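Just so you know, all these numbers are worked out from the coordinates, no wet-lab data involved. Note that this is a predicted model, so its numbers are computed, not measured. Virtual Cβ from ideal backbone geometry, glycine too; neighbours counted across all protein chains shown.
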Amino acid sequence: MGQALKPVALVVEDDESQRELVSVLLEESDLHVVACASAEAALAAMEHLGDSIVMIFSDVKLKGKMTGAELASIAKKRLPNVIVVVTSGGKMPALPPDTVFMPKPWRALDVLIVAERSLH
């Protein structure tokens, strides 16, 4: 018998230290983490992982042509039940309904609370 796959969280952040920090936090909450530096890489991961994704945590500013807000719009259309968190040190961008905005600096506990919600 194969082992059941863990639910997946995509971490989309162009800053490597922030990406690693969020990844470690989310791995503590029983999520398998796929880390991406750009929205384009996250979209490719979405194509591959599909419904196993339960959470996307994205910065607004990313490498590549798309922003985290644009990624959130596409993600909500493709995977309406996924929890999408967009974070920024600036002002809140226009986001699709049911998207969580988390201003920087965020607290680790806040990330874990959202992660726990994605598992239920």
Could you tell me the calculated FRET efficiency between residue 61 and residue 98, based on Cβ-Cβ distance and R0 = 22 angstrom, to the nearest 0.05? 0.50
The distance between the Cα centres of region 1-58 and region 72-86, in whole Å, is 13 Å
To make sure I understand, if each residue's beta carbon is the centre and we count other beta carbons within 10 Å, what order do 59, 110 fall in, fewest to most? 110, 59
How about region 1-100: which trypsin sites (Lys or Arg not before Pro) there are in a DSSP loop, with at most 16 other Cβ atoms within 10 Å of their Cβ? 61, 65, 91
Amide H contacts under 5 Å for residue 62, placed H, 5+ residues apart: 68
Reduced Cα scattering model of region 8-118, Debye log10 I(q)/I(0), q = 0.12, 0.14, 0.18, 0.19 Å⁻¹: -0.32, -0.45, -0.78, -0.88
Report, in deg cm²/dmol and to the nearest 500, the calculated mean residue ellipticity at 222 nm for the chain, where each DSSP H run with n ≥ 4 adds -39500 (n - 2.57) and the sum is divided by the residue count. -11500 deg cm²/dmol
Over region 8-118, what is the mean sequence separation of C-alpha contacts under 8 Å (at least six apart), divided by residue count, expressed as relative contact order in percent? 26 percent
